[in-house]
């Protein structure tokens, strides 16, 4: 079992008087109640090596950080005996220390405040039963090295002194609120992940507390950039997930020699913004704040920080020095098992799919029967390609009761993301007898092979508070003229109910050039997602760091642009008009939106809803939720199918009252 150490820093009354008032004032400007929010991990220093700090305990004992790690790990945190939030978190930290002591996790407490009496510090240690060494940091050199932001911040390092998490202990306490129990336990989650050799799900959060003022980082001597000290950590955090022998990328970057050989290519793709794959343009607030550590718009953002880019450039300019192998980070762990834990159900292809050696393959559509006797709520989904070297992406949809739900993805695999793991209270519905439809995009790698992809599901223990849904904004009737280099296609969705939007996934094929989601509300337009340079090779889900609230009557407009000219090197045939089609040489206009309806509290699905899609269709068409469907509601939902509001409507309206009820719709 890998061990970890928690470095825990206590700050005191003068910090509260000088800094906490400023924090509260700043908080009041935006929101009286403030809890932890996601932070840009790269900008916050996650993935970097923490220097071997000199430490002095309150009993006069001299230590170095490396003496405490015992070649295993380091975790660093903040608290205080004066700041109210620090006082609230002291018992929590003591409990976590006790909980993880037997698992090789040791705590070190550090206090940088000169004004705080040693007797007071000793009293705090005794009152809370803290067992780890307690260290003073009067000159704040430790705080400066860590670039600590507040007195409640905690830092978790692995046994190579690589920072793997920084931020709040949990979300139980914040500015203007206190909960009976925490809803999210960031520190415990980070320790669990680190002990397993895995990366924490939440790598960086803010930590509401008294703000710290430390000297500018420029006063800290910058260590020479070497492969083992900095570059390997950047590769580990941003690249190795794909660029390894068993990964899907063609170039492994697991050793110094491999990274050195491809240093020129790394420099090029980073400079061009091609790698790591992330194509969302900064939002307006992000541009104004440059690269603010506390402004994370996308939860899964993969772009490098300015500091990481600077280190890469400096290393290449210095002719790629290797450095001391003793500074090397721990290798990333990629277990063969499931990332979502042991699934309750696994479904796999009945027969492997043959993948040819060269050229390109059209999409393969494979169906797998679930044979479920009753519907299930699913809280976690993971798609596992059988042969990652040839599987580019997978979109899983459902067929149930004769209806094919291709208007949204149910499960998904894209490079760097194979799981949909929803928090407590959120889940997806899997109807009884549903068929899973796998849309497979294979990329031949030079050797003829085969693949048998599977999907694992973890069922929710009880019905969720919110049902996660996916809707596609689509225009299937477009035509892209031959030779057009910037053809625009747009469609919209009138939001029928108050919803919480979780994320977006634009989808086009080889002629796809750019995509944008916009919110239209009260005559004003706001950009929700802008992808100015779309790349078909990366079908990315853009997951919001905080769900976006939309209300009934809002409109989401999805626009995409296509390059059907000879200047597009990926264009299969610039001489022909292009329309909607399933294969890569055709095109699509799909703007997926992942969301929950905030007014709904799902219960167990009725039998009729488990066996077919009639109830779902009724809810979709019944815009005003009055239990009946009118012609106007059908026209609103199906504007391109006038027959649905005329001939089909009349056939179903058996009592000729101008409305269709659930029983009449069941005759469809």
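The values are calculated or read from the model by the stated rules, or taken from the named source; none is laboratory data. As the structure is a prediction and not an experimental result, all values here were calculated from the model. As a convention, Cβ positions derive from the backbone with ideal geometry for all residues, glycine included, and neighbour counts pool all protein chains shown.
Examine the stretch 72-79 for a residue that is in a loop (DSSP other than H, G, I, E, B) and surrounded by 19 or more Cβ atoms within 10 Å (Cβ to Cβ), and state whether such a residue exists. Yes: the stretch 72-79 contains one or more residues that are in a loop (DSSP other than H, G, I, E, B) and surrounded by 19 or more Cβ atoms within 10 Å (Cβ to Cβ).
This table checks each residue for (1) crowded, with 19+ Cβ neighbours inside 10 Å; (2) assigned by TED's automatic domain parsing to the domain that holds residue 70; (3) over 30 Å from residue 315 (Cβ atoms).
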| position | (1), (2), (3) |
| --- | --- |
| 134 | yes, yes, yes |
| 148 | yes, yes, no |
| 153 | yes, yes, no |
| 160 | yes, yes, no |
| 165 | yes, yes, no |
| 170 | yes, yes, yes |
| 183 | no, yes, yes |
| 194 | yes, yes, no |
| 208 | yes, yes, yes |
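Tell me whether the stretch 519-530 contains one or more residues that are surrounded by 19 or more Cβ atoms within 10 Å (Cβ to Cβ) and within 21 Å of the chain's Cα centre (by Cα). For the stretch 519-530, residues surrounded by 19 or more Cβ atoms within 10 Å (Cβ to Cβ) and within 21 Å of the chain's Cα centre (by Cα): present. Filtered by the rule that a residue be in a loop (DSSP other than H, G, I, E, B) and surrounded by fewer than 20 Cβ atoms within 10 Å (Cβ to Cβ), the stretch 542-564 gives 551, 552, 553, 554.
Here 457, 510, 505 are screened, and the one residue that is under 22 Å from the mean Cα position of the chain (by Cα) and at pLDDT below 95 is 505. Looking across the stretch 269-296, the residues that are modelled with pLDDT of 85 or more, surrounded by 17 or more Cβ atoms within 10 Å (Cβ to Cβ) and either in the same structural domain as residue 542 (by TED's automatic domain parsing) or in contact with a strand residue (DSSP E or B) (Cβ under 6 Å, 6 or more places away or on another chain) (or both) come down to 279, 280.
Yes or no: the stretch 43-63 includes at least one residue that is assigned by TED's automatic domain parsing to the domain that holds residue 146, under 13 Å from residue 155 (Cβ atoms) and assigned to a helix (DSSP H, G or I). There is no residue in the stretch 43-63 that is assigned by TED's automatic domain parsing to the domain that holds residue 146, under 13 Å from residue 155 (Cβ atoms) and assigned to a helix (DSSP H, G or I). When 487, 509 are checked against the criterion of being touching a strand residue (DSSP E or B) at 6+ places or on another chain (Cβ under 6 Å), more than 24 Å from residue 420 (Cα to Cα) and in the same structural domain as residue 542 (by TED's automatic domain parsing), a single residue qualifies: 487.
Within the stretch 603-660, the residues that satisfy the criterion of being part of a loop (DSSP other than H, G, I, E, B), modelled with pLDDT of 65 or more and surrounded by 16 or more Cβ atoms within 10 Å (Cβ to Cβ) are 622, 623, 628, 630, 653, 659.
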